[in-house]
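Colleague: Below: one structure in structure tokens.
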Amino acid sequence: MKIRIALLSLLITSAVLAINTSHWTHTSEADFKAGTFHNVVATNLGDLKLSRAVKTILGQNEHISAVHALVEAKDGTIYAGTGPEGVLLAIKDEKSETVAKLGENVSIFSLLIDSKGRLLIGTGGEKGQIFRIEKPGDKPVEIFSETGVQYIWAMCQTPDGKIYAATGPEGQLFQIDENDKHEVLFDSEQNNLTSMVSDGKDLLYVGSDPDGLIYRINRKTKDTFVVFDAPETEISALLLDKDGTLFAGTASEIETPAESAQPAGEEGGRPENDTGGVPIPTQPPEAPKPPSPTPPNPGEPAPIPKEQAKDEPKTMMILADEPGDGGDNPTPPSPVKAEQAATNAGSATQSTGAKPEAAAAAPTQGNAIYRVDKDGFVTEIFRQPVIVYSLIEQNGLLLVGTGSDGEVYQVNPTAEETVVLAKVDPKEVISLLPTKDGRIVMGLANSGDVALMTPGFAYEGTFTSPVLDATQISRFGKMQLHGTLPADTKLTVSTRSSNVGEDTDRGWSKWTAEQPATEFMPIASSNARYLQYRLTFTTTTGKDTAVVDDVDVAYQVPNLAPIVKSVKIAPKAETPDTSASPSNPKPPADHHMLTLTWEATDANNDALQYSIYFRNGKSAEWILLKDKLTDATWDWDTRAVADGRYEIKVTASDEAANPRGMGKTASRVSDPVVVDNTAPVVGDLKAVAKGAAAHIELRAVDRTSTIASLEYSVDSSTDWQSVLPSDNIADSPDEAYSFDTQPLSSGAHQITIRASDAYGNQAHESVTINVAAPTAMK
């Protein structure tokens with residue numbers, strides 16, 4: 001994988017700043033995997049290239065959903081075993097015919113040409129059977145069935161003529177002699193023996209499910225040994241090379257993680273006016289002329305040109321790079337095992353070498369191919385988020401059929417390098433067969449078909465990117481491509497745009513005309529939120545392919561106005577007073593200090609500055625209170641303004657983060673707030689002695705808010721007595737009071753009145769009164 005992948009990935013996830021250029025960058029296998037492929041593959045080096053040429057033979061057939069097994073007879077006829085109606089096909093000169101039909105709910109899981117050239121057919125369904133066809137044109141004859149056997153997963157023949165059958169769902173290995181007599185050679189405690197290979201002598205290697213064990217069985221001594229206990233659940237394919245090295249592929253189920261939703265935020269205040277979208281310029285700026293390309297070293301192919309030569313036809317060629325592995329999408333379980341009866345689940349008990357229930361940990365990711373050398377040492381040489389269905393050898397390399405992306409991989413066991421050779425639409429390559437003429441035959445599932453893969457590249461293929469989302473209507477700049485080219489290949493580019501996110505033709509612009517690829521090429525699609533690009537690869541000889549190392553698409557989100565979501569006003573939080581006590585009460589709150597808070601966002605993630613305005617009344621002009629704030633809070637000392645009913649406006653601006661004249665602002669107005677820093681007025685005060693008490697009358701008036709309370713104390717006492725207005729409710733700015741104090745001793749007394757308004761402002765007035773001493777009755 002390219003060294004720059006980590007850096008370029010950051011460009012995708014980093015915040016969009018102001019109106020600077022942003023980029024969609026596809027440079028890794030994972031980036032490209034989200035797109036759509038036709039005769040094109042993404043390698044583990046992060047390259048795009050043509051796949052191997054693939055030709056399908058069968059087409060749609062309502063009786064065939066999967067081709068489970070393939071075998072080639074001595075005369076070159078290829079037999080294909082299918083399901084779910086037990087159709088056996090013979091393929092010659094790329095034409096197929098039905099040889100036999102073994103019944104509904106029957107699948108042919110294994111095929112074998114024995115040493116006498118006869119065809120053996122292993123089936124699965126309600127009953128597992130082996131049939132034999134002596135010569136072409138003969139009807140199948142049953143040679144094996146056994147109570148409890150439902151699946152013949154694999155067959156092989158040893159030099160002494162004996163046939164071995166790996167079965168399920170009771171995990172038994174059967175030996176069948178030349179007289180068609182059979183016996184159990186090995187009875188495992190697994191559900192299924194799923195794969196098998198012989199060393200050509202006395203040893204058989206058998207893979208299992210559900211514990212992912214590989215057994216080595218001596219068919220003469222019947223000694224059994226677990227060669228490897230894989231972390232995956234199923235050993236789906238086994239291969240033994242001429243040097244005695246064993247290769248094992250696995251087929252565990254792969255799960256897809258769920259996504260979580262984001263909660264919405266709270267709002268407060270109200271918008272001052274509409275702050276809608278901004279018109280998008282329709283003419284993107286011209287890019288400067290790029291520098292001339294550096295000539296390639298002698299013998300190297302030329303890179304993608306920076307621009308097309310004026311006097312040359314608009315074509316370009318690219319040389320193939322080393323391809324690689326692929327597959328980031330989780331895959332469903334093997335369709336092979338999907339046909340097992342539901343009653344099999346949980347029927348296995350702990351077998352020799354099986355993983356205990358507590359230790360059966362899930363594999364790290366996807367499935368693997370393991371190499372087991374002659375000394376028993378195990379090395380993982382392949383791992384991808386795919387299911388390994390089939391495994392063959394060709395010229396010292398491994399070819400791997402997988403699902404659920406329908407990819408065929410090439411693995412170099414020595415270098416542990418992986419290459420994607422082909423990608424087929426049915427998504428499941430469940431069987432592979434190398435033919436004598438050098439082609440590879442593939443058995444496919446989902447839409448059951450047989451395909452031929454040749455050594456050359458496909459003559460044409462396309463890669464369509466996933467839908468790219470700029471989050472806002474944006475201007476598209478240039479697409480930058482890197483790659484290399486031979487003389488008989490071509491690469492063209494087309495794009496389309498939309499404001500609808502679904503990947504359908506409806507709502508999208510037409511694809512632009514195919515343009516020969518250059519390193520920097522303008523995107524001709526209209527401004528929009530979404531974009532797709534399409535790369536078309538062609539070759540005239542099939543010997544070479546254009547290769548794209550990476551794709552960088554520049555786009556520019558216009559500067560959008562910020563959004564002020566809420567404005568809130570509250571009394572400033574008081575500092576705890578540890579000195580307060582019953583004898584030293586806490587003084588009244590500093591109510592003239594208000595804390596203004598607001599919440600603002602910017603679609604471009606620009607740094608924002610804030611200004612605060614105030615006005616007294618809805619029709620008054622706004623007056624600047626404070627500007628150039630960067631924090632979303634500010635304390636307002638209201639003693640600097642007159643009493644009244646005020647509104648506060650907060651304006652957010654991104655001007656400092658954008659070129660001069662291109663900044664945007666947005667405002668939000670608070671709910672009205674009353675500023676009242678003036679104490680009430682106490683007047684019309686009258687005080688007379690009334691027996692031993694004092695009778696007092698007065699008016700308390702406040703010009704901004706209402707009278708909240710009235711109290712009195714006698715002779716500078718700290719004990720204040722509350723009294724009610726004459727109408728028994730304090731609810732207006734003008735209240736009348738008439739009350740008698742408690743009985744007083746004879747002599748002079750000072751009565752102090754304290755009136756408070758709704759905002760805590762207090763007014764004090766005092767009056768002196770003499771209370772006469774009581775006298776004897778006359």
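The values are calculated or read from the model by the stated rules, or taken from the named source; none is laboratory data. Please read these numbers as outputs of a predicted model, since none were measured by experiment. Backbone-built Cβ (ideal geometry, glycine too); neighbour counts: all protein chains shown. Just so you know, the surface numbers come from the protein's heavy atoms only, side chains and all, with ligands and any DNA or RNA stripped out. Shrake-Rupley method; radii C 1.70, N 1.55, O 1.52, S 1.80 Å.
Colleague: Dipole of the range 148-247 (Lys/Arg Cβ +1, Asp/Glu Cβ -1, origin at the Cα centre): which of Val226, Thr167, Gly200 lies farthest to the positive side?
Modeller: Positive-end residue among those listed: Gly200.
Colleague: Then there's this: What FRET efficiency comes out for Asn605 versus Asp631 if R0 is 22 angstrom and r is the Cβ-Cβ distance? Round to the nearest 0.05.
Modeller: Efficiency for this residue pair is about 0.80.
Colleague: Quick one: net charge of Ile612's neighbours, Cβ under 9 Å, K/R +1, D/E -1?
Modeller: Local net charge: +1.
Colleague: Find the Cα radius of gyration of the range 46-158, compare it with 2.2 N^0.38 Å by division, and give the number to two decimals. Mind showing how you got there, number by number?
Modeller: Values: Rg = 15.2 Å, N = 113, 2.2 N^0.38 = 13.3 Å.
Cα-based Rg divided by the globular estimate yields 1.15.
Colleague: If you count only protein heavy atoms and use a 1.4 Å probe, how large is the accessible surface of Trp622, to the nearest 10 Å²?
Modeller: Approximately 60 Å² for this residue.
Colleague: Identify, among Pro140, Gly103, Gln129, the residue whose Cα sits farthest towards the positive end of the charge dipole of the range 99-168, taking +1 on the Cβ of Lys and Arg and -1 on the Cβ of Asp and Glu, with the dipole about the Cα centre.
Modeller: Pro140
Colleague: To continue, here is another question. How many nm is it between the label spots at Ala640 and Glu621, if each spot is 7 Å from the Cα in line with the beta carbon?
Modeller: 1.9
Colleague: Now, a different point. For Glu514, what accessible surface area do you get with a 1.4 Å probe? Give it in Å², rounded to 10.
Modeller: 70
Colleague: So how strong a dipole does the range 587-734 carry about its Cα centre when Lys and Arg Cβ are +1 and Asp and Glu Cβ are -1, to the nearest 20 debye?
Modeller: Using Cβ point charges on Lys, Arg, Asp and Glu, the range 587-734 gives about 440 debye.
Colleague: Using the Cα centre as the reference, give the magnitude of the dipole from point charges on the C-beta atoms of the range 431-555 (Lys, Arg: +1; Asp, Glu: -1; all else neutral), rounded to the nearest 20 debye.
Modeller: In debye, rounded to 20, the range 431-555 gives about 220.
Colleague: Report the per residue volume, in Å³, of the convex hull enclosing the C-alpha atoms of the range 118-164.
Modeller: Value for the range 118-164: 79 Å³ per residue.
Colleague: If I model a spin label as a point 7 Å beyond the Cα along the Cα-Cβ vector, how far apart are those points for Phe377 and Gln721 in nm?
Modeller: Rounded to a tenth, the inter-label distance reads 10.3 nm.
Colleague: OK, next. For the range 409-524, build the charge dipole from Cβ charges (+1 Lys, Arg; -1 Asp, Glu) around the Cα centre, then report which of Trp508, Val467, Ser431 sits farthest towards its positive end.
Modeller: So the residue furthest toward the plus end is Trp508.
Colleague: Where nothing but the Cβ of Lys and Arg (+1) and of Asp and Glu (-1) is charged, how large is the charge dipole of the range 712-764 around its Cα centre, in debye to the nearest 20? Provide the component values of the computation, followed by the final result.
Modeller: Details: 1 positive and 8 negative charges, 43 e Å.
For the range 712-764, the charge dipole is close to 200 debye.
Colleague: To continue, here is another question. Which order do Lys220, Lys127, Lys649 take by accessible area at a 1.4 Å probe, largest first?
Modeller: Putting Lys220, Lys127, Lys649 in descending order of accessible area: Lys220, Lys127, Lys649.
Colleague: What fraction of the Cα pairs in the range 442-493, stated in percent, has a spacing above 17 angstrom?
Modeller: Distances greater than 17 Å cover 67 percent of the Cα pairs.
Colleague: Order of 668-675, 694-701, 496-503 by packing, highest average Cβ count within 10 Å first?
Modeller: Highest-to-lowest ranking by the protection proxy: 694-701, 668-675, 496-503.
Colleague: Local charge sum around Ser494 (other residues, Cβ-Cβ under 12 Å, Lys/Arg +1, Asp/Glu -1)?
Modeller: Residues near Ser494 contribute +2 overall.
Colleague: Another question about this same structure. Per 0.36 nm of contour for each residue apart, how much would the distance between Asp241 and Asp187 grow if the chain were fully extended, relative to their Cα-Cα spacing?
Modeller: On the way: separation 54, 0.36 × 54 = 19.44 nm, distance 2.66 nm.
Result: 16.8 nm gained on full extension.
Colleague: Among 239-251, 737-749, how do they line up by average Cβ neighbours within 10 Å per residue, starting with the highest?
Modeller: Ranking, from highest mean packing down: 239-251, 737-749.
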